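The values are calculated or read from the model by the stated rules, or taken from the named source; none is laboratory data. Since the model is a prediction, treat every value here as computed from it, not as a measurement. Positions of Cβ are backbone-derived with ideal geometry, glycine not excepted, and every protein chain shown enters the neighbour counts. Calculation scope for accessible area: heavy atoms of the full protein, side chains included, ligands and nucleic acids excluded. Shrake-Rupley method; radii C 1.70, N 1.55, O 1.52, S 1.80 Å.
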Amino acid sequence: MNEYTFNFPTALIHDFTGEQHKVREPVFRRMPDNSFLCLFLTGGPTEPHDRNVVMAIRSEDYGKTWSEPTETDIPNSYTKLTVKKIEGKILLISNFHPSMEWQNRKCLQMWASDDNCKSWSKKISLAADNDVLFYPHAYADDEQKILYITFENGMQHYIQTIPYEEFHHMV
């Protein structure tokens, strides 16, 4: 007998047919109101595809049940979404450019929400809009009060630091 208590995996999306074909790159986060949010990429039968979108599902009961998937207004850039919660603010980091090829993964931005990701009130560029940078990852250092963001361009990797105090101006 081990010391861990695990539950069997639960399918978040049971029947995803019709226009949508695949669920890719889910990101899961607890919201300030204690609900759970899962954002994921989906759409056409291939990646890239012009029907690809970002969808969301939510749980109000700690993950026991989930809402039906709903389409968001977040552009699907066919790259990773990163979601962080910093001092009650939800930050979404991605390429907010509906591109079809990796060379067009531009507009690396951070969006902020103060309503559990139902809308995005502030959009901050993390690089020049024409810079090809993608696959952001982030680490929130609550002790030092700094957000570290890494990203790449296929040849080089970068790190950017943002003090938490900057987020007070975002929302």
Fill in the blank from the handout: Considering the range 66-78, residues that are of a type in the set (Asp, Glu) and over 17 Å from Phe36 (Cβ atoms), and then whichever is modelled with the highest pLDDT, we arrive at Glu71
Practice task
Answer yes if at least one residue in the range 46-56 is among the polar types (S, T, N, Q) and either part of a strand (DSSP E or B) or modelled with pLDDT of 80 or more (or both), and no otherwise.
Solution key: no
Handout entry: Residue check, Phe167 over 17 Å from the mean Cα position of the chain (by Cα) and surrounded by 18 or more Cβ atoms within 10 Å (Cβ to Cβ)
Key = yes
Fill in the blank from the handout: The residue that is surrounded by the fewest Cβ atoms within 10 Å (Cβ to Cβ), considering only those in the range 23-45 that are at positive phi and in a loop (DSSP other than H, G, I, E, B), is Asn34
Handout entry: Some residue of the range 117-138 being free of Cβ contacts under 8 Å to residues at least 60 places away in the same chain, in contact with a His (Cβ under 6 Å, 6 or more places away or on another chain) and not acidic (Asp, Glu)
Key = no
Practice task
Search the range 101-121 for residues being aromatic (Phe, Trp, Tyr) and under 13 Å from the mean Cα position of the chain (by Cα), and hand back the single one that is farthest from Thr82 (Cα to Cα).
Solution key: Trp120
Handout entry: Given (1) open to solvent by less than 70 Å² (accessible area, probe 1.4 Å); (2) under 18 Å from the mean Cα position of the chain (by Cα), number of the condition Gly154 does not satisfy
Key = (2)
Completion exercise
Among strands (runs of 3 or more DSSP E) completely within the range 72-171, the ones holding 2 or more residues that are of a type in the set (Ser, Thr, Tyr) are 134-141, 146-152, 157-163
Practice task
Filter the range 50-76 for residues that are loosely packed, with under 15 Cβ neighbours inside 10 Å and basic (Lys, Arg) and give the result.
Solution key: Arg51, Lys64
Practice task
Please verify whether the range 124-144 includes one or more residues that are small (Gly, Ala, Ser) and loosely packed, with under 14 Cβ neighbours inside 10 Å.
Solution key: yes
Handout entry: Complete set of residues in the range 79-127 that are of a type in the set (Gly, Ala, Ser) and at pLDDT 85 or above
Key = Ser94, Ala112, Ser113, Ser119, Ser125, Ala127
